[in-house]
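Single-structure report; data block below.
The values are calculated or read from the model by the stated rules, or taken from the named source; none is laboratory data. None of these values were measured; they are calculated from a predicted model. Here Cβ is always computed from backbone atoms with ideal geometry, including for glycine, and neighbour counts include all displayed protein chains. These area figures cover heavy atoms from the full protein model, side chains too; ligands, DNA and RNA do not enter into them. Shrake-Rupley method; radii C 1.70, N 1.55, O 1.52, S 1.80 Å.
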Amino acid sequence: MIIPRYHIGPSHIAGAGKGLFLDEPVARGRVIVAPDAIPGVHTLDEIARMPHAHDLLPATVRWFEDAYTVTPEWPDECYINHSFAPCGLWHLGFVFALDNLPAGTEVTVDYRHLLAPGQEEDFRDAVSGAPIVGYDWRESMMRSTAQLQALFPADGT
């Protein structure tokens, strides 16, 4: 579920197709996307055994450990594109604003949190040209938890 008002439009990222854009400002630390109506989760091995598994991989997202959703019907959340310098933080299916985001911002996340460990995207990062390779679960959790904690300092600032 996408919390703020938004629209889908041509991405500003070369080769990305469409992107998800905010229609209203979102404050740093606020939730942009929250999980809802997850139809089920599968291990990567289960997905590999599904008919047309290769076609399903672009619609596969890691939620936790070795649990992935497969969403071939492409909900609007799937229009959130990759960036190594994203404006959104993916953490256990939630996307948090990493800064104060004005209306018109294209929402991006680091896909390395969504991919299977060692899984390489079929495309490269549009800015650096570097491969996008999934973090292992521990590294993803350590990185995203540290970033999330930094959004909410203990002193409340």
Revision key, fill the gap. Ranking A27, P131, V70 by how far each Cα lies towards the positive end of the charge dipole of the chain (+1 on Lys and Arg Cβ, -1 on Asp and Glu Cβ), the top one is A27
Exercise for review: Return the ratio Rg/(2.2 N^0.38 Å) for segment 71-113, where Rg is computed over Cα atoms only.
Suggested key: 1.15
Check your understanding: Where the convex hull is taken over the Cα atoms of segment 81-157, what is its projected area averaged over directions, in nm²?
Key -> 5.8 nm²
Revision key, fill the gap. Along segment 53-68, Karplus-curve 3J(HN,Hα) (6.51, -1.76, 1.60; θ = phi - 60°) to the nearest Hz, with x for Gly and Pro, reads 3, 4, 6, 7, 4, x, 9, 9, 10, 6, 9, 7, 6, 10, 10, 10
Review point. Roughly how big is the chain's charge dipole about its Cα centre, with Cβ charges of +1 (Lys, Arg) and -1 (Asp, Glu), in debye to the nearest 20?
Key: 280 debye
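Counting only heavy atoms of the protein chains, get the accessible area per residue of the chain (1.4 Å probe) and round it to a whole Å² value.
With all protein chains present, the chain gives 55 Å² per residue.
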Review point. How large is ³J(HN,Hα) for each residue in segment 18-29, as worked out from phi by the Karplus curve 6.51 cos²θ - 1.76 cosθ + 1.60 (θ = phi - 60°), to whole Hz, x for Gly and Pro?
Key: 9, x, 9, 10, 6, 9, 8, x, 10, 6, 3, x
Review point. In degrees, nearest 10, range 0 to 90: what is the angle between the Cα axis of helix 137-151 and the longest Cα principal axis of the chain?
Key: 10 degrees
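Divide by every residue of the chain the summed helix terms, -39500 (n - 2.57) for each DSSP H run of at least 4, and state the resulting mean residue ellipticity at 222 nm, rounded to the nearest 500 deg cm²/dmol.
That calculation yields -4000 deg cm²/dmol at 222 nm.
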Revision key, fill the gap. Phi-derived 3J(HN,Hα) across segment 79-89 with the Karplus relation (6.51, -1.76, 1.60, θ = phi - 60°), rounded Hz, x for Gly and Pro, is 8, 6, 8, 7, 7, 6, 10, x, 9, x, 10
Check your understanding: Taking springs between alpha-carbon atoms closer than 10 angstrom, which of A130, A116, A67 fluctuates most in the Gaussian network model of the chain?
Key -> A130
Check your understanding: Out of L56, L115, L98, any idea which swings most in a Gaussian network model of the chain, alpha carbons joined below 10 Å?
Key -> L56
Check your understanding: Which log10 I(q)/I(0) values, to two decimals, does segment 10-87 give at q = 0.13, 0.15 Å⁻¹ under the Debye formula with one point per Cα?
Key -> -0.51, -0.67
Exercise for review: Using only Cα atoms, figure out Rg for the chain and give it as a multiple of 2.2 N^0.38 Å.
Suggested key: 1.02
**Study point:** Amide H contacts of I3 (H built 1.01 Å from N, under 5 Å, at least 5 apart or other chain)
**Key:** V33, A34
**Study point:** Under 5 Å, built H, 5+ apart or other chain: amide partners of F84
**Key:** none
Check your understanding: Counting only the heavy atoms of the protein chains, how much of H42 is accessible to a 1.4 Å probe, in Å² to the nearest 10?
Key -> 60 Å²
